[in-house]
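Here the structure is laid out as structure tokens; the discussion comes afterwards.
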Amino acid sequence: MNLLLASTSTVHGQPYLSYFKEAWSAHFANTQGKPVIFVPYARPGGMSFDDYSAIATKAFAEHGIAMRGIHSYPSIDAAMADAGGVFIGGGNTFLLLKTLYDSGAFAAIDAAVRSGLPYMGSSAGSNMAGMTLGTTNDMPIIYPPSFDTFSWIPCNLNPHYLDPEDHSTHMGESRATRIAEFHQHNNQAVIGLREGSWLKVEAGEISLLGPHSARVFHSGKAAYEQAPGPLQLNDRLTLPRE
């Protein structure tokens, strides 16, 4: 598989997708004239599919990459037959997963990506690559048929990961606390992706890219920092070479 999984689409003070434009423009450089299919199902802020697709399409067009919204095709099968790649944008993870299941896009995208079609996700779209949506930060505004996501990587992600602030007066749970609660009922590792970081999965290897380390959580073990570069997490998180 060939995956690019970003913590977010936008970092402070920079345009949409611009902070890692070299990575995604290279990722989709060989689409052989086919468009990248944009999946707008997460609908941030209740945005329409057309309006959300237009934002992504404009960013890609600036780098000479064609894009088309999955909803603009007569069927999911037609969209995937035309796909040179897939990009699932951010928004609400629960809404995204439900719409993927209900539309039939879940199985179609899964089969195509497992066959080598380049995939990119940001935020909710990156959550889809893990084993479940159990470590999303989103409110459960709607109930998907299952919490199971694509399981392309053998762990979960927590995009937008925030570190506890030592001198904060906030009395609510930190991200680390919530992930610890997750591990009371689940065994898979969780990678906390800080803003401006992304994962690349290629040739059976997961690499952390960008300027920040990631925070890695295992059930029953102390969390630790993972520096940018190939992830040497444990034998469960080393992907088999294809």
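Values quoted throughout were computed directly from the atomic coordinates according to the rules given, and no laboratory measurement underlies them. In this text, all values refer to a predicted model and were calculated from it rather than measured experimentally. No Cβ is skipped: glycine too gets one built from the backbone with ideal geometry, and neighbour counts run over all protein chains shown.
Spatial offset of the range 57-80 relative to the range 115-190 amounts to 27 Å, using the alpha carbon center of each. Residues His27, His185, His212, ranked from the fewest to the most other C-beta atoms within 10 Å, line up as His185, His212, His27. For the options Ala107, Ala54, Ala124, a Gaussian network treatment of the chain with springs between C-alpha atoms closer than 10 Å singles out Ala107 as fluctuating the most.
Each DSSP beta bridge with both residues in the range 3-237 is either parallel or antiparallel, and the antiparallel ones are about 50%.
With N as its number of residues, the range 100-169 has a Cα radius of gyration that, divided by 2.2 N^0.38 Å, comes to 1.30.
Computed over the chain, the percent of Cα pairs more than 25 Å apart is 38. Just check the range 40-130 against the gyration tensor rule for me: Cα atoms, a ≥ b ≥ c as the square roots of the eigenvalues, rounded for a/c under 1.5, and otherwise prolate or oblate depending on whether a/b exceeds b/c. Since a/c stays below 1.5, the shape of the range 40-130 is classed as rounded. Considering only Pro145, Pro228, Pro159, the mean-square fluctuation computed in a Gaussian network model of the chain, springs between alpha carbons under 10 angstrom, is largest for Pro145. For the range 105-202, the set of chymotrypsin sites (Phe, Trp or Tyr not before Pro) satisfying both a DSSP loop assignment and a count of at most 16 other C-beta atoms within 10 Å is given as Phe147.
When the square roots of the Cα gyration tensor eigenvalues are ordered a ≥ b ≥ c, the ratio a/c for the range 1-85 is 1.5 or more and a/b does not exceed b/c, which makes its shape oblate. The trypsin sites (Lys or Arg not before Pro) of the range 154-229 that meet both conditions, a loop assignment by DSSP and at most 12 other Cβ atoms within 10 Å of the site Cβ, are Lys221.
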